[in-house]
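The next block holds one structure in the form of structure tokens; read it before the comments.
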Amino acid sequence: MIKVNSAHFVLSAPSIKGCPVGDWPEIAFAGRSNVGKSSLINCLLNRKGLVRTSSTPGRTQLLNYFAINEAFYFVDLPGYGFARAPRAVREQWQPMVHGYLMGRRSLRALVWLLDVRRDPSREDLEFLDWLEEQQVPTIPVITKVDKVSRNELTRRVGRIATVTGLAGELFTPFSVVGRRGHSELWELISSALSGED
Ligand SMILES: Nc1nc2c(ncn2[C@@H]2O[C@H](COP(=O)(O)OP(=O)(O)OP(=O)(O)O)[C@@H](O)[C@H]2O)c(=O)[nH]1
Ligand SMILES: [Mg+2]
């Protein structure tokens, strides 16, 4: 289990060219806009306002780097699927994120987030297909599970598993409320960082 001794914002990069140099391993976080990426990162780091969260989706449009323990990075990726985002912003998402995920050698895993209350969208499924095709090591997480009852959660995980074609056990249920899934997710992140399967 990793203890977070320090966590700070490093930089925001518009593309892989602006990413930090050096050889720290990194974990990226992606999912549709408003799925809870920034909240999840803050929760993992026990830092309330480190990563900006918003009720206005589509705000994060850069690759946002956070240094943890002066040893590795978390990268908050821009969300996709925000229909009301300007066209230019939507069109730049794919080259930015695909370019980053394909080209970033220090990337150890991508944490992929789905909202418990929503069926995976066409964009979610296209992204998952692409991740599988590119063999990006992916850690699937279901967010905001405090929003549903325990029975509903079982049903929703089953539904999401069916739609994505992934086994239900692969998903880590997560919530900032009560920090549910916190240690399970850190476990998966730690092994990705240390290069275990
Ligand atoms: N109830 C509940 N609400 C959550 C949880 N996680 C995030 N939220 C809320 O969901 C909204 C979006 O959260 P963000 O963390 O900003 O989502 P994001 O994926 O970073 O959004 P973008 O950066 O805009 O793509 C905010 O209003 C959060 O307070 C959770 O576990 N439970
Ligand atoms: Mg965000």
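No lab work stands behind these numbers, since they all come straight from the coordinates. It should be emphasised that the depicted structure is a prediction, and the values quoted were computed from it without experimental measurement. Glycine also receives a Cβ, built like all others from the backbone with ideal geometry; neighbour counts cover every protein chain displayed.
Observations
- Taking the centroid of alpha carbons for each part, the range 141-183 and the range 1-80 are 22 Å apart.
- The loop-placed trypsin sites (Lys or Arg not before Pro) in the range 90-197, going by DSSP, that have at most 11 neighbouring Cβ atoms within 10 Å of their Cβ come out as 105.
- Of 168, 81, 178, the one that fluctuates the most in a GNM where the chain has Cα springs shorter than 10 Å: 178
- log10 of Debye I(q)/I(0), alpha-carbon scatterers only, for the range 67-174 at 0.15 Å⁻¹: -0.74
- DSSP beta bridge pairing in the chain, given as percent antiparallel to the nearest 5: 40
- For the range 93-197, the set of GluC sites (Glu not before Pro) satisfying both a DSSP loop assignment and a count of at most 12 other C-beta atoms within 10 Å is given as 196.
- When only the Cβ of Lys, Arg, Asp and Glu is charged (+1, +1, -1, -1), the dipole of the range 98-197 relative to its Cα centre reaches about 460 debye.
- Whole-percent pair-distance distribution, where bins are 10 Å wide, for the alpha carbons of the range 64-115: 19, 48, 27, 5
- CD proxy at 222 nm, helix term only [per DSSP H run n ≥ 4: -39500 (n - 2.57); per residue of the chain; nearest 500]: -10500 deg cm²/dmol
- Bins of 10 Å, starting at 0 and running to the largest distance - Cα pair percent for the chain: 9, 38, 40, 13, 0
- Computed over the range 1-53, Cα set: Rg, Dmax in Å: 12.4, 32
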